[in-house]
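Before any comments, here is the structure.
The values are calculated or read from the model by the stated rules, or taken from the named source; none is laboratory data. If you're wondering where the values come from, they're calculated on a predicted model, not measured in any experiment. Cβ: placed from backbone, ideal geometry, glycine included. Neighbour counts: every protein chain shown. Just so you know, the surface numbers come from the protein's heavy atoms only, side chains and all, with ligands and any DNA or RNA stripped out. Shrake-Rupley method; radii C 1.70, N 1.55, O 1.52, S 1.80 Å.
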Amino acid sequence: ELAARLGVEPTQAAQALADWLQVAPAGGRTVAVFAALADKDVAGVASALAPSIARWHLAGSQGFGARGQDAAALRARLPAGLDADLHADVGHALEAAVAAAKPGERVLVLGSFHAAAEALAWLRGGR
């Protein structure tokens, strides 16, 4: 299962997504592809979602404009202890997450609208 959630950077939206993940569990693990702009509350988003996410694939967002950041900068702003891999961009993160997914697992793409646009392009074959 592959799901894209748009605009879940605000903490309130992340909590709503976390609530949905609790009532609509996947058949296996849920992994997240996460790319966010540097001025967003990424720690709040990750804290809200952490109980539902088994693994994080963090993507660089430098291509999103002046507010973009690389995956290492994103990781540095997240709570300690998250199981995370770093990727250059959403396409590479999504490729890795989907390749590692087993049947019944959910790959969730979240972050900025730019991340969702890159994920949709990847799904349409612009890999």
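At-a-glance table
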| item | result |
| --- | --- |
| Charged-residue dipole, Cβ positions (Lys, Arg, Asp, Glu), the chain about Cα centre, Debye nearest 20 | 120 debye |
| Solvent exposure, largest accessible area first (probe 1.4 Å, DNA, RNA and ligands not counted), of His114, His92, His57 | His92, His114, His57 |
| Rg/Rh ratio calculated on Cα atoms of the chain (Kirkwood radius) | 0.92 |
| Shape of segment 53-127, Cα gyration tensor, a/c cut at 1.5 | oblate |
| Of Trp122, Ala66, Gly81, farthest towards positive along the dipole that unit charges on Lys, Arg, Asp, Glu beta carbons give segment 15-127 | Trp122 |
| For Val33, residues with placed amide H under 5 Å, excluding near neighbours | His57, Leu108, Val109, Leu110 |
| Apportionment of accessible area to carbon and sulfur, the chain, percent (1.4 Å) | 55 percent |
| Protein-only accessible surface order, largest first, of Phe34, Phe64 at 1.4 Å | Phe64, Phe34 |
